[in-house]
There are 2 protein chains.
Amino acid sequence: MTKRSEQKQEARARILDAGAAHVRGDGLDGAGIAAIMRDAGLTHGTFYAHFTDKADLAEASFRHALTRGRAAWTRGEDQSWRGRLARLARRYLTPKHRDHREEGCAFAALGADAARAPAEFRRAFGEELQRSIDAVCAAPEDGPVPERRRDDAILLLSLCVGGMTLARGVGDRALSDRILRVCRSAMARETGPLLSSGGNDNDQ
Amino acid sequence: MTKRSEQKQEARARILDAGAAHVRGDGLDGAGIAAIMRDAGLTHGTFYAHFTDKADLAEASFRHALTRGRAAWTRGEDQSWRGRLARLARRYLTPKHRDHREEGCAFAALGADAARAPAEFRRAFGEELQRSIDAVCAAPEDGPVPERRRDDAILLLSLCVGGMTLARGVGDRALSDRILRVCRSAMARETGPLLSSGGNDNDQ
DNA sequence: CGACTCGTATGATGATCATCATGCGAAATT
DNA sequence: AATTTCGCATGATGATCATCATACGAGTCG
């Protein structure tokens, strides 16, 4: 590994860090190359020595953010499957996470953008989502994962992303906090139903 | 009502329709004024006779889309509260809705954009979300709405928006369909738990 | 019918931004 | 040590786009 190539790799890493933050903070299109390169400590023109395209950087930044995120995510021990899901929801659906999207979950930060992105980015989105589903499922014992657990993981991620998306969009702090709380406690009910109310029409 | 003013109001309505479609399809920033006005059958310069700003149009289009959407949404009879929630989820989380975001739910289409939008837009987002929560809760008998129902409505909307967001971002059709199915059937379980697996560690 | 009002059309203007051509200087190679 | 390589900086170029100034022409009102 020559000194030149490792300097370049360090620069690339800085660009990826800055890109991941900008993309999550400002959106796939909102992030300008000049601003990202400035944050990486380089000038704008150099960008094309590292990436072919803005789309290239967007995808790489997205994957970078999620790979980093999952590492911190999967840490921690759980008593039970349900307990694991509840813990993940508790750690995900926090006001702190809501208020710092530039360092948070890229699915929640870029979900709507992905829908409008070209097919190549959406392929990356799907692959990363699969990896995250697997990461949620990964039990200590590491047997084959039953499909019903995968379904639970999908449900967890959907609820987390949806709750975070709504909580972030809302201006009213009280409503935003309430959304987070409702979603957290729904996943925390170890044996109870999804919904808090009973089944009859006139429950209080 | 003079002929002039009703012509202008018609034009404004066309702009709002086009704006609502473009904003949901291309995002808050992705939608260009020229394209919207072209779709409304007018030229770009005329825009400023109807709206002060692009942000002004964005907010108005967002509200327009949701007001229209709720009307179609609230229709239909339900046997029970749980049944109502299940029905709404079943109608929301469809492949058709996923594949036509320009005429679908504005929360799912613009959730990530709202987080980056100025405070004024996020206030609108919060107000509209409150209205949608109320619309979900509105029972035929129209008594005072218990707070636990509001929580259920928040949960429903979070799961719907999150599931739709992920389903739209994913390139892989099979995974996308599965996300929709999992979220639908979670809300359909009238009495069962949120999660499909049992509570012990070694369930299959 | 004539004057004026106002909704719309046309055509700038200026800003932002992705992309690329060119050049420099330090590191690598012989 | 001379030459080549290559990572980075600088400065265009061209495209896109919001915004606005100006002009036209049909509707309105005296």
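At a glance:
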read-out	value
Per-pair calculated FRET efficiency, R0 = 22 Å: B:Ala188 and B:Thr74 via Cβ, rounded to 0.05	0.70
Nearest residue to the symmetry axis between B and A, taken on chain B by its Cβ, in whole Å	B:Gly162, 1
Whole-Å distance, taken between Cα centres, linking region B:99-113 and region B:31-70	16
Teacher prompt: A:Asp39 distances to equivalent labels in other copies, 7 Å Cα→Cβ, nm	3.0
Estimated [θ] at 222 nm from DSSP helical runs (n ≥ 4, -39500 (n - 2.57)) normalised by residues in chain B, nearest 500	-22000 deg cm²/dmol
Residues B:Glu127 and A:Gln9, FRET efficiency given R0 of 56 Å [Cβ-Cβ distance, rounded to 0.05]	0.70
Å² per residue, accessible surface of region B:63-188 at 1.4 Å	40
Size of the A/B contact, given as accessible area buried on both chains, probe 1.4 Å, in Å²	5800
Pair A:Asp99, B:Ala55: separation of 7 Å Cα→Cβ label points (nm)	2.2
Protein accessible area in region A:3-138, 1.4 Å probe - carbon and sulfur %	50
Region A:99-177: equivalent-ellipsoid semi-axes (sqrt of 5 x gyration tensor eigenvalues, Cα, Å)	25, 18, 10
Debye intensity ratio in log₁₀ form over the Cα atoms of the protein assembly as shown, taken at each q of 0.13 Å⁻¹	-1.11
In order through region B:32-47: 3J(HN,Hα) via Karplus (6.51 cos²θ - 1.76 cosθ + 1.60), integer Hz, x for Gly, Pro	x, 4, 4, 5, 4, 5, 4, 5, 7, x, 10, 9, 4, x, 5, 3
Mean Cα-pair separation over length for chain A, i.e. relative contact order, pairs under 8 Å, 6 or more apart, %	22
For region A:53-188, the fraction of alpha-carbon pairs in successive 5 Å shells from zero, as %	2, 10, 20, 22, 20, 15, 9, 3, 1, 0
D_trans [Stokes-Einstein, Kirkwood Rh over alpha-carbon pairs] for region A:44-128, 4 °C, 1.567 mPa s, µm² s⁻¹	88
For A:Gln130, inter-copy label distances in nm, listed shortest first [label point 7 Å out on the Cα-Cβ vector]	4.4
Other-copy label distances relative to A:Arg90, 7 angstrom Cα-Cβ extension, nm	3.6
Label-reachable residues, region B:89-115, where backbone N falls under 12 Å from a point 7 Å from B:Asp39's Cα toward its Cβ	B:101-104
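The values are calculated or read from the model by the stated rules, or taken from the named source; none is laboratory data. Keep in mind that what you see is a predicted model, and the values were worked out from it rather than measured. Quick reminder, even Gly has a Cβ in these numbers, built from the backbone with ideal geometry, and neighbours come from all protein chains shown. Heads up: the accessible areas ignore ligands, DNA and RNA and are worked out on the full protein's heavy atoms, side chains in. Shrake-Rupley method; radii C 1.70, N 1.55, O 1.52, S 1.80 Å.
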